[in-house]
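What follows is one structure encoded as structure tokens, with my remarks underneath.
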Amino acid sequence: MIRDARNVPVSSGTPKALMGYETALAQFQSYVGDPIATLDATLAETPDFVTGHLFKALALYTASEKQLVPLATAPLAEADRHLSRATDRERALAAATHHLLDGDWGLGCRGLDAVLMEYPRDAMTLQVAHLMDFFRGDAQNLRNGVSGVVAHWDESVRGYCYILGMHAFGLEEMNQYAEAEAAGRRALALERKDAWAVHAVTHVMEMQGRIEEGIAW
């Protein structure tokens, strides 16, 4: 069984395909670069890479651009073509993606949460779930979704800073300002370009009326 850098299983692909996946994931997490272009190049060489197709579909769907939403159907269909050889995680993620694209956000988000219960280090699914909770205005799950998995992460796991940054934002949205700022600052100590963490700490300062400090920040 092939596994990614966080020990999450994938059903297909090559070491080179996994390198492409990791590059696209880092771009998705940091908002620097083009994860779709990276995935396209990866999938051109490894067309049976189910996780790659699902990632592309979900990245397009969560991009907040209406014209991109229809484009998510093609990579999802490609993933479906290879599901007979997919992992349980990939099949569950494909089902959740279908619900999202069909407009059933509640069922789709429950499906994402179920994947994370089994695979708490699935960084791609975690960020998609976090975005969907944000789009739905579900502040409680924006916090709880990350709180429920963060104990499975530490500094030895690739991308840990971005998990802390999302955690900080969820805490801030639930008015836990001290905890949010601490998590955000810890994330930025690991990666000073973590946009989630910058965003979360900025919100804390805004909500606490720390205007001059916020401008300097």
- Collect the residues in the stretch 85-124 that are among the hydroxyl-bearing types (Ser, Thr, Tyr) and farther than 13 Å from Pro9 by Cα, keeping them in residue-number order. Thr97
- Message: If I ask for residues that are within 20 Å of Ala129 (Cβ to Cβ), assigned to a helix (DSSP H, G or I) and of a type in the set (A, V, I, L, M, F, W, C), which ones from the stretch 8-26 would you list?
- Response: Ala24, Leu25, Ala26
- Those residues of the stretch 27-41 which are part of a helix (DSSP H, G or I) and under 19 Å from the mean Cα position of the chain (by Cα), in sequence order: Gln27, Phe28, Gln29, Ser30, Pro35, Ile36, Ala37, Thr38, Leu39, Asp40
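Quick grid of which residues meet (1) over 23 Å from Glu191 (Cβ atoms); (2) without any contact (Cβ under 8 Å) to a residue 24 or more places away in the chain:
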position	(1), (2)
Val10	yes, no
Gly13	yes, no
Val32	no, no
Thr38	no, yes
- Message: Anything in the stretch 165-179 that is in a helix (DSSP H, G or I), touching a Lys or Arg at 6+ places or on another chain (Cβ under 9 Å) and within 19 Å of Arg210 (Cβ to Cβ)? List them, or say none.
- Response: Ala168, Phe169, Leu171, Glu172, Glu173
- Item | Of all residues in the stretch 129-164 being in a loop (DSSP other than H, G, I, E, B), over 14 Å from the mean Cα position of the chain (by Cα) and of a type outside the set (Phe, Trp, Tyr), the one that is surrounded by the fewest Cβ atoms within 10 Å (Cβ to Cβ) | Ser156
- Task: Scan the stretch 68-85 for residues that are under 19 Å from Met132 (Cβ atoms) and exposed (fewer than 12 other Cβ atoms within 10 Å of the Cβ) and jot them down.
- Result: Pro70
- Message: If I go through the stretch 203-217 residue by residue, how many of them are free of Cβ contacts under 8 Å to residues at least 12 places away in the same chain, under 18 Å from Glu179 (Cβ atoms) and open to solvent by 100 Å² or more (accessible area, probe 1.4 Å)?
- Response: 1
- Kindly check whether there is at least one residue in the stretch 102-117 that is among the charged types (D, E, K, R), at pLDDT 95 or above and crowded, with 17+ Cβ neighbours inside 10 Å. yes
- Query: Taking the stretch 42-68 as the search range and keeping residues that are part of a helix (DSSP H, G or I) and among the charged types (D, E, K, R), which one is farthest from Arg81 (Cα to Cα)?
  - Reply: Lys66
- Item | Set Ala189, Ala197, Ala182: member being of a type outside the set (Lys, Arg), assigned to a helix (DSSP H, G or I), within 11 Å of Leu164 (Cβ to Cβ) and open to solvent by less than 50 Å² (accessible area, probe 1.4 Å) | Ala197
- Item | Matching residues in the stretch 1-49 - criterion: being surrounded by fewer than 19 Cβ atoms within 10 Å (Cβ to Cβ), closer than 23 Å to Trp153 by Cβ and of a type in the set (Ser, Thr, Tyr) | Thr23, Ser30, Tyr31
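The values are calculated or read from the model by the stated rules, or taken from the named source; none is laboratory data. Please read all numbers here as calculations on a predicted model, not as lab measurements. Quick reminder, even Gly has a Cβ in these numbers, built from the backbone with ideal geometry, and neighbours come from all protein chains shown. All accessible areas refer to the heavy atoms of the entire protein, side chains included, with ligands and DNA or RNA removed. Shrake-Rupley method; radii C 1.70, N 1.55, O 1.52, S 1.80 Å.
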